[in-house]
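Inspection log for the structure reproduced underneath, given as structure tokens.
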Amino acid sequence: AAVHRGKPIREELTNYRKDGSEFTVDLSIFPVASESGRITHLISIQRDTTEQALVREKLAEDEARLHFLTESIPQLLWTASAAGQCQFVSNACARFMGRAIADILGTGWYQSIHPEDLNRTYAEWRQSIETGEPFVTEYRLRRSDGEYVWFLHRAVPRRNADGTISEWIGSSTDIAQQKRSEEAIRQTEKL
């Protein structure tokens, strides 16, 4: 249809070698018209893109695997920019907080921190950003039902080749049961 309209086309398609094996090609066809405007020739260029197609397929598989991993582990996963602005949260994290992902990004996650833990958490996070040291702290996060739950939060800097921080990779692990056990031990010791 494009050739009849005198338009060039470009497609990626599967082709076959003489031995019957498949390979992927990037095919471009350009119509060539005479002075009168009648198409007299077609110029076709084929490039073997099998390697690139395999790389794209592998990347798609890796991305699907990573997505499955981030959504199936019990931790809440997140990333932040070098400056400490939240850039990504897993769907599990957003579901736990009962908030839209877009509302958590940037500094939106501060709204889910227990008010008694907010200033300390913010100061510790800023110190990690300034020093490049890992961020490790405990604070309470508001769950979708409004209850606050204790989490152990960790973030490590991912660095560029020159050593500068490109982003922070973080996880938050529910430690509520551990906190209840510690409290039970304290109560037992008091008795």
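Residues are listed down the side, and each one gets a yes or a no for (1) out of contact with any His (no Cβ under 6 Å at 6 or more places or on another chain); (2) loosely packed, with under 15 Cβ neighbours inside 10 Å; (3) farther than 15 Å from residue 147 by Cβ:
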| residue | (1), (2), (3) |
| --- | --- |
| 88 | yes, no, yes |
| 98 | yes, yes, no |
| 107 | yes, yes, yes |
| 110 | yes, yes, yes |
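If you scan the stretch 16-55, which residues turn out to be surrounded by 13 or more Cβ atoms within 10 Å (Cβ to Cβ) and of a type outside the set (A, V, I, L, M, F, W, C)?
24, 26, 28, 31, 46, 48, 49, 50, 52 - these are the residues of the stretch 16-55 that are surrounded by 13 or more Cβ atoms within 10 Å (Cβ to Cβ) and of a type outside the set (A, V, I, L, M, F, W, C).
Can you confirm whether residue 9 is among the aliphatic types (A, V, I, L, M), free of Cβ contacts under 8 Å to residues at least 60 places away in the same chain and surrounded by 11 or more Cβ atoms within 10 Å (Cβ to Cβ)?
For residue 9, the condition - among the aliphatic types (A, V, I, L, M), free of Cβ contacts under 8 Å to residues at least 60 places away in the same chain and surrounded by 11 or more Cβ atoms within 10 Å (Cβ to Cβ) - is met.
Quick one: residue 146 ticks every box in (1) under 19 Å from residue 177 (Cβ atoms); (2) in a loop (DSSP other than H, G, I, E, B) except a single one, so which number is it?
Answer for residue 146: the failing condition is (1).
Which pairs have Cβ atoms under 6 Å, sit 6 or more apart or on different chains, and link a residue in the stretch 15-44 that is farther than 24 Å from residue 57 by Cβ to one that is not in a strand (DSSP E or B)?
Listed by first residue and then by second, the contacts come to 30/8; 31/3; 31/6; 39/6; 40/34.
Give me the pairs, please: first residue somewhere in the stretch 47-63 and within 21 Å of residue 10 (Cβ to Cβ), second residue anywhere and small (Gly, Ala, Ser) and modelled with pLDDT of 90 or more, beta-carbon distance under 8 Å, and either six or more positions apart or on two chains.
If the second residue must be small (Gly, Ala, Ser) and modelled with pLDDT of 90 or more, no pairs are left.
In the stretch 139-184, what count of residues is obtained for those that are at pLDDT 95 or above, among the β-branched types (Val, Ile, Thr) and surrounded by 11 or more Cβ atoms within 10 Å (Cβ to Cβ)?
4
Among (1) modelled with pLDDT of 95 or more; (2) surrounded by 18 or more Cβ atoms within 10 Å (Cβ to Cβ); (3) aliphatic (A, V, I, L, M), which single condition is residue 76 missing?
For residue 76, the exception is condition (1).
If the requirement is being polar (S, T, N, Q) and either in contact with a helix residue (DSSP H, G or I) (Cβ under 6 Å, 6 or more places away or on another chain) or closer than 30 Å to residue 145 by Cα (or both), which of these qualifies: 40, 24, 14, 50?
24
Considering only the stretch 122-138, state which residues are of a type outside the set (D, E, K, R) and either buried (at least 19 other Cβ atoms within 10 Å of the Cβ) or under 24 Å from the mean Cα position of the chain (by Cα) (or both).
Correct list: 122, 125, 128, 129, 132, 134, 135, 136, 137.
The values are calculated or read from the model by the stated rules, or taken from the named source; none is laboratory data. None of these values were measured; they are calculated from a predicted model. No Cβ is skipped: glycine too gets one built from the backbone with ideal geometry, and neighbour counts run over all protein chains shown.
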